[in-house]
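Report on the following structure.
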Amino acid sequence: MDKLFTPSTVNKIIQEHDFKFSKSLGQNFLIDEHIIEKILISSDITKSDLVIEIGPGIGTLTAAIAEKAGKVKAVEIDKKLIPILKETLENFDNVEIINEDILKTDLKQIIDNERKYAAIKIIGNLPYYITTPIIMHILEAKLPIKNITIMIQKEVADRMKASPGGKEYGSLSVAVQYYCEIVPVAVVPKTVFIPKPNVDSFILRLDIREKPAVDVLDERFFFKIVRASFSQRRKTLLNSLSSALKCSKDSLEETLVNCDIEPKRRAETLSLTEFARLANELYKNSQ
Ligand code: SAM
(Lines give C-alpha, C1' and ligand atoms only; values in the text may rest on other atoms or scores of the structure.)
Protein backbone atom coordinates (compact mmCIF):
# COMPACT_ATOMS: atom_id res chain seq x y z
CA MET A 1 0.00 0.00 0.00
CA ASP A 2 1.29 3.49 -0.93
CA LYS A 3 1.73 6.02 1.86
CA LEU A 4 -1.82 7.06 2.63
CA PHE A 5 -1.17 10.71 3.34
CA THR A 6 -0.25 11.90 -0.15
CA PRO A 7 -2.97 13.79 -2.06
CA SER A 8 -2.56 11.43 -5.04
CA THR A 9 -3.11 8.29 -2.90
CA VAL A 10 -6.12 9.78 -1.13
CA ASN A 11 -7.64 10.81 -4.47
CA LYS A 12 -6.90 7.39 -5.99
CA ILE A 13 -8.58 5.52 -3.10
CA ILE A 14 -11.58 7.81 -3.23
CA GLN A 15 -12.00 7.38 -6.99
CA GLU A 16 -11.50 3.60 -6.94
CA HIS A 17 -14.26 3.27 -4.34
CA ASP A 18 -16.42 5.98 -5.85
CA PHE A 19 -16.48 7.57 -2.40
CA LYS A 20 -18.35 10.87 -1.98
CA PHE A 21 -17.31 13.12 0.92
CA SER A 22 -20.08 13.83 3.39
CA LYS A 23 -20.01 17.40 4.60
CA SER A 24 -22.57 16.60 7.28
CA LEU A 25 -20.23 13.94 8.74
CA GLY A 26 -17.37 16.46 8.84
CA GLN A 27 -15.22 14.51 6.41
CA ASN A 28 -11.96 16.35 5.76
CA PHE A 29 -9.13 13.88 5.29
CA LEU A 30 -5.52 14.56 6.21
CA ILE A 31 -2.89 14.74 3.47
CA ASP A 32 0.16 15.93 5.40
CA GLU A 33 2.80 13.70 6.96
CA HIS A 34 4.12 16.43 9.28
CA ILE A 35 0.74 16.93 10.91
CA ILE A 36 0.42 13.18 11.47
CA GLU A 37 3.87 13.19 13.05
CA LYS A 38 2.93 16.07 15.35
CA ILE A 39 -0.13 14.15 16.56
CA LEU A 40 1.92 11.00 17.16
CA ILE A 41 4.72 12.80 19.00
CA SER A 42 2.26 14.68 21.17
CA SER A 43 0.37 11.52 22.08
CA ASP A 44 3.66 9.72 22.84
CA ILE A 45 2.41 6.28 21.80
CA THR A 46 4.22 3.07 22.69
CA LYS A 47 3.59 -0.63 22.11
CA SER A 48 2.06 -0.89 25.57
CA ASP A 49 -0.73 1.55 24.65
CA LEU A 50 -4.27 0.90 23.56
CA VAL A 51 -5.34 3.78 21.31
CA ILE A 52 -8.96 4.55 20.55
CA GLU A 53 -9.21 6.57 17.36
CA ILE A 54 -12.32 8.63 16.63
CA GLY A 55 -13.28 8.85 12.95
CA PRO A 56 -10.49 7.04 11.03
CA GLY A 57 -11.76 8.16 7.60
CA ILE A 58 -9.71 6.19 5.07
CA GLY A 59 -7.18 5.19 7.74
CA THR A 60 -4.36 7.70 7.18
CA LEU A 61 -3.80 8.47 10.83
CA THR A 62 -4.84 4.96 11.88
CA ALA A 63 -1.99 3.33 9.94
CA ALA A 64 0.55 5.69 11.49
CA ILE A 65 -0.83 5.03 14.99
CA ALA A 66 -0.88 1.24 14.40
CA GLU A 67 2.85 1.25 13.65
CA LYS A 68 3.57 2.62 17.13
CA ALA A 69 0.73 1.34 19.35
CA GLY A 70 0.00 -2.06 20.86
CA LYS A 71 -3.56 -1.96 19.61
CA VAL A 72 -5.85 0.51 17.84
CA LYS A 73 -9.63 0.49 18.03
CA ALA A 74 -11.00 2.88 15.45
CA VAL A 75 -14.63 4.00 15.65
CA GLU A 76 -16.08 5.17 12.31
CA ILE A 77 -19.75 6.02 11.76
CA ASP A 78 -19.77 5.94 7.95
CA LYS A 79 -20.37 2.40 6.71
CA LYS A 80 -19.13 3.38 3.24
CA LEU A 81 -15.66 3.82 4.71
CA ILE A 82 -15.51 0.33 6.24
CA PRO A 83 -14.51 -1.57 3.05
CA ILE A 84 -11.92 1.13 2.33
CA LEU A 85 -10.48 0.83 5.84
CA LYS A 86 -10.34 -2.96 5.54
CA GLU A 87 -8.23 -2.51 2.43
CA THR A 88 -5.94 0.32 3.57
CA LEU A 89 -5.27 -1.33 6.94
CA GLU A 90 -5.08 -4.94 5.77
CA ASN A 91 -1.42 -5.28 6.76
CA PHE A 92 -2.07 -4.41 10.38
CA ASP A 93 -3.19 -7.17 12.72
CA ASN A 94 -3.47 -4.78 15.68
CA VAL A 95 -6.31 -2.64 14.30
CA GLU A 96 -10.00 -3.21 14.96
CA ILE A 97 -12.57 -1.15 13.09
CA ILE A 98 -15.83 -0.47 14.90
CA ASN A 99 -18.65 0.82 12.70
CA GLU A 100 -20.50 2.96 15.24
CA ASP A 101 -21.41 6.46 16.26
CA ILE A 102 -18.78 7.46 18.82
CA LEU A 103 -21.48 9.18 20.89
CA LYS A 104 -23.23 5.83 21.28
CA THR A 105 -20.09 3.78 21.78
CA ASP A 106 -19.59 2.22 25.18
CA LEU A 107 -15.98 3.30 25.64
CA LYS A 108 -15.81 1.77 29.09
CA GLN A 109 -16.59 -1.65 27.69
CA ILE A 110 -13.98 -1.28 24.94
CA ILE A 111 -11.40 -0.47 27.61
CA ASP A 112 -12.54 -3.23 29.98
CA ASN A 113 -12.09 -5.78 27.19
CA GLU A 114 -8.43 -4.77 26.75
CA ARG A 115 -6.97 -4.83 30.20
CA LYS A 116 -3.42 -5.80 29.30
CA TYR A 117 -2.39 -2.35 28.04
CA ALA A 118 -0.48 -0.06 30.38
CA ALA A 119 -2.05 3.16 29.09
CA ILE A 120 -5.11 4.13 27.13
CA LYS A 121 -5.01 7.10 24.80
CA ILE A 122 -7.57 8.68 22.53
CA ILE A 123 -6.73 10.32 19.22
CA GLY A 124 -8.97 11.98 16.67
CA ASN A 125 -9.06 14.38 13.79
CA LEU A 126 -12.56 15.13 14.97
CA PRO A 127 -15.65 15.75 12.88
CA TYR A 128 -16.11 19.43 13.68
CA TYR A 129 -19.90 19.36 13.88
CA ILE A 130 -19.80 17.38 17.16
CA THR A 131 -16.47 18.27 18.76
CA THR A 132 -17.94 19.40 22.07
CA PRO A 133 -20.39 16.48 22.50
CA ILE A 134 -17.56 14.02 21.76
CA ILE A 135 -15.22 15.58 24.30
CA MET A 136 -17.93 15.76 26.95
CA HIS A 137 -18.97 12.15 26.20
CA ILE A 138 -15.40 11.05 26.92
CA LEU A 139 -14.74 13.27 29.93
CA GLU A 140 -18.04 12.64 31.68
CA ALA A 141 -17.56 8.86 31.33
CA LYS A 142 -14.51 9.24 33.65
CA LEU A 143 -12.51 6.64 31.80
CA PRO A 144 -9.07 5.51 32.93
CA ILE A 145 -7.35 7.28 30.02
CA LYS A 146 -4.05 9.10 30.02
CA ASN A 147 -4.57 11.68 27.33
CA ILE A 148 -6.70 12.77 24.38
CA THR A 149 -4.95 14.26 21.35
CA ILE A 150 -7.43 16.01 19.11
CA MET A 151 -7.44 18.08 16.00
CA ILE A 152 -10.31 20.54 16.21
CA GLN A 153 -11.43 23.88 14.84
CA LYS A 154 -9.04 26.59 16.05
CA GLU A 155 -11.91 28.63 17.42
CA VAL A 156 -13.06 25.71 19.61
CA ALA A 157 -9.48 25.09 20.80
CA ASP A 158 -9.30 28.80 21.76
CA ARG A 159 -12.47 28.37 23.83
CA MET A 160 -11.19 25.21 25.54
CA LYS A 161 -7.91 26.76 26.64
CA ALA A 162 -9.21 30.28 27.39
CA SER A 163 -8.39 31.92 30.72
CA PRO A 164 -10.91 33.99 32.69
CA GLY A 165 -11.42 37.53 31.49
CA GLY A 166 -11.93 37.12 27.75
CA LYS A 167 -14.89 36.48 25.47
CA GLU A 168 -13.66 32.97 24.64
CA TYR A 169 -13.89 31.84 28.27
CA GLY A 170 -17.14 29.98 28.95
CA SER A 171 -18.74 26.72 30.11
CA LEU A 172 -16.59 24.69 27.70
CA SER A 173 -13.35 26.19 29.11
CA VAL A 174 -14.47 25.43 32.67
CA ALA A 175 -15.55 21.86 31.85
CA VAL A 176 -12.40 20.90 29.95
CA GLN A 177 -10.05 22.58 32.42
CA TYR A 178 -11.89 20.94 35.34
CA TYR A 179 -11.02 17.46 33.99
CA CYS A 180 -7.79 18.11 32.05
CA GLU A 181 -4.56 19.95 31.77
CA ILE A 182 -4.46 21.39 28.28
CA VAL A 183 -1.29 21.23 26.19
CA PRO A 184 -1.46 23.31 22.98
CA VAL A 185 0.44 21.47 20.22
CA ALA A 186 0.14 23.27 16.88
CA VAL A 187 -1.94 25.42 14.56
CA VAL A 188 -2.94 23.51 11.43
CA PRO A 189 -3.62 25.32 8.15
CA LYS A 190 -6.67 24.46 5.98
CA THR A 191 -4.40 23.28 3.18
CA VAL A 192 -3.57 19.92 4.81
CA PHE A 193 -7.02 18.45 4.18
CA ILE A 194 -9.05 17.13 1.28
CA PRO A 195 -11.55 18.74 0.86
CA LYS A 196 -10.21 21.99 2.30
CA PRO A 197 -12.32 23.21 5.27
CA ASN A 198 -13.27 26.89 5.70
CA VAL A 199 -11.36 27.38 8.93
CA ASP A 200 -7.94 26.68 10.43
CA SER A 201 -7.54 23.86 12.90
CA PHE A 202 -5.55 23.27 16.08
CA ILE A 203 -4.01 20.22 17.72
CA LEU A 204 -4.54 20.05 21.47
CA ARG A 205 -3.54 17.41 23.95
CA LEU A 206 -5.79 16.99 26.96
CA ASP A 207 -3.97 15.30 29.84
CA ILE A 208 -6.57 13.81 32.15
CA ARG A 209 -6.03 15.03 35.71
CA GLU A 210 -5.75 12.42 38.44
CA LYS A 211 -8.34 14.42 40.31
CA PRO A 212 -10.37 17.38 39.04
CA ALA A 213 -8.82 20.85 39.21
CA VAL A 214 -11.15 21.95 42.03
CA ASP A 215 -13.06 20.18 44.81
CA VAL A 216 -16.80 20.30 44.37
CA LEU A 217 -19.49 18.84 46.62
CA ASP A 218 -21.67 17.78 43.72
CA GLU A 219 -20.39 17.71 40.15
CA ARG A 220 -23.77 17.94 38.41
CA PHE A 221 -24.69 20.90 40.59
CA PHE A 222 -21.33 22.57 39.89
CA PHE A 223 -21.86 22.35 36.12
CA LYS A 224 -25.46 23.53 36.50
CA ILE A 225 -24.19 26.67 38.26
CA VAL A 226 -21.49 27.22 35.62
CA ARG A 227 -24.05 26.95 32.79
CA ALA A 228 -26.50 29.20 34.63
CA SER A 229 -23.76 31.78 35.22
CA PHE A 230 -22.94 31.92 31.50
CA SER A 231 -26.59 31.79 30.38
CA GLN A 232 -26.67 35.55 29.80
CA ARG A 233 -23.06 36.55 29.39
CA ARG A 234 -23.70 40.28 29.15
CA LYS A 235 -25.51 40.44 32.46
CA THR A 236 -23.98 40.56 35.91
CA LEU A 237 -23.54 37.26 37.70
CA LEU A 238 -26.31 38.28 40.12
CA ASN A 239 -28.80 38.87 37.30
CA SER A 240 -27.94 35.89 35.11
CA LEU A 241 -27.90 33.47 38.06
CA SER A 242 -31.11 34.74 39.61
CA SER A 243 -33.03 34.46 36.35
CA ALA A 244 -31.53 31.07 35.36
CA LEU A 245 -32.00 29.54 38.81
CA LYS A 246 -35.25 31.41 39.49
CA CYS A 247 -34.12 32.48 42.95
CA SER A 248 -34.31 35.69 44.92
CA LYS A 249 -31.65 38.30 44.28
CA ASP A 250 -31.29 39.10 47.97
CA SER A 251 -30.26 35.63 49.06
CA LEU A 252 -28.06 35.21 46.01
CA GLU A 253 -26.33 38.49 46.67
CA GLU A 254 -25.63 37.39 50.23
CA THR A 255 -24.17 34.08 49.02
CA LEU A 256 -21.97 35.83 46.44
CA VAL A 257 -20.66 38.24 49.06
CA ASN A 258 -20.01 35.33 51.46
CA CYS A 259 -17.96 33.72 48.70
CA ASP A 260 -15.96 36.90 48.25
CA ILE A 261 -17.39 37.41 44.78
CA GLU A 262 -18.59 40.89 43.89
CA PRO A 263 -22.22 40.37 42.62
CA LYS A 264 -21.74 42.83 39.75
CA ARG A 265 -19.00 40.74 38.17
CA ARG A 266 -19.71 38.80 34.99
CA ALA A 267 -19.38 35.03 34.73
CA GLU A 268 -16.44 35.32 32.33
CA THR A 269 -14.27 36.83 35.10
CA LEU A 270 -14.63 33.90 37.52
CA SER A 271 -11.83 31.39 37.95
CA LEU A 272 -12.53 27.67 38.40
CA THR A 273 -11.78 28.07 42.11
CA GLU A 274 -14.38 30.83 42.41
CA PHE A 275 -16.98 28.80 40.50
CA ALA A 276 -16.33 25.87 42.85
CA ARG A 277 -16.61 28.05 45.95
CA LEU A 278 -19.88 29.54 44.71
CA ALA A 279 -21.37 26.20 43.63
CA ASN A 280 -20.42 24.57 46.95
CA GLU A 281 -22.00 27.39 48.95
CA LEU A 282 -25.21 27.31 46.88
CA TYR A 283 -25.29 23.52 47.19
CA LYS A 284 -25.00 23.69 50.99
CA ASN A 285 -27.82 26.27 51.08
CA SER A 286 -30.01 24.03 48.93
CA GLN A 287 -29.73 21.02 51.26
N1 SAM B 1 -9.04 10.52 10.59
C2 SAM B 1 -9.29 10.83 9.20
C3 SAM B 1 -8.20 11.75 8.69
O4 SAM B 1 -7.59 12.41 9.54
O5 SAM B 1 -7.98 11.82 7.50
C6 SAM B 1 -10.68 11.44 8.98
C7 SAM B 1 -11.01 12.67 9.80
S8 SAM B 1 -12.53 13.44 9.37
C9 SAM B 1 -12.22 15.09 9.94
C10 SAM B 1 -13.70 12.89 10.59
C11 SAM B 1 -14.11 11.44 10.52
O12 SAM B 1 -15.05 11.18 11.56
C13 SAM B 1 -14.81 11.03 9.22
O14 SAM B 1 -14.27 9.83 8.77
C15 SAM B 1 -16.28 10.85 9.61
O16 SAM B 1 -16.99 9.93 8.81
C17 SAM B 1 -16.13 10.38 11.06
N18 SAM B 1 -17.31 10.66 11.91
C19 SAM B 1 -18.21 11.66 11.81
N20 SAM B 1 -19.12 11.56 12.78
C21 SAM B 1 -18.79 10.49 13.54
C22 SAM B 1 -19.38 9.87 14.68
N23 SAM B 1 -20.47 10.38 15.27
N24 SAM B 1 -18.80 8.75 15.17
C25 SAM B 1 -17.68 8.23 14.59
N26 SAM B 1 -17.10 8.76 13.50
C27 SAM B 1 -17.63 9.89 12.98
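The values are calculated or read from the model by the stated rules, or taken from the named source; none is laboratory data. Quick caveat, the model's predicted, so the values are computed rather than measured. Reconstructed Cβ throughout: ideal geometry from the backbone, glycine too, with neighbour counts over all protein chains shown. Just the protein is used for accessible areas: all its heavy atoms, side chains included, with ligands, DNA and RNA removed. Shrake-Rupley method; radii C 1.70, N 1.55, O 1.52, S 1.80 Å.
Here the chain exposes an accessible surface that is 48 percent carbon and sulfur, computed with a 1.4 Å probe and the other protein chains kept in place. Determine one quarter of the surface area of the Cα convex hull of the chain, which equals its mean projected area, and express it in nm² to one decimal. So the mean shadow area of the Cα hull is 15.6 nm².
Accessible area of HIS34 (1.4 Å probe, protein heavy atoms only, ligands and nucleic acids ignored): about 120 Å².
Against the main long axis of the alpha-carbon atoms of the chain, helix 7-16 sits at an angle near 70°.
Counting only alpha carbon atoms, the long axis of helix 272-286 and the longest principal axis of the chain meet at about 60°. Our coupling estimate for the range 73-80, obtained by passing each phi through the Karplus curve with A = 6.51, B = -1.76, C = 1.60 and θ = phi - 60°, is 10, 10, 9, 10, 7, 7, 5, 5 Hz, Gly and Pro reported as x. Toward the positive end of the charge dipole of the chain, with +1 on the Cβ of Lys and Arg and -1 on the Cβ of Asp and Glu, the farthest Cα among PRO189, PHE19, CYS259 is that of CYS259. With springs only between Cα atoms under 10 Å, which of ILE14, ILE148, ILE122 fluctuates most in a Gaussian network model of the chain? With Cα springs under 10 Å in the chain, the top fluctuation among ILE14, ILE148, ILE122 is at ILE14.
Note down the magnitude of the dipole of the chain about its Cα centre, charges +1 on Lys and Arg C-beta and -1 on Asp and Glu C-beta and zero elsewhere, to the nearest 20 debye.
It comes to approximately 700 debye.
Angle of helix 249-258 to the longest C-alpha principal axis of the chain, folded into 0 to 90 degrees and rounded to 10: 80°.
Solvent-accessible area of ILE208, all protein chains in place: 50 Å² (probe radius 1.4 Å, heavy atoms, ligands and nucleic acids excluded). Distance from the Cα centroid of the range 174-245 to that of the range 135-153 is 12 Å (rounded to whole angstrom).
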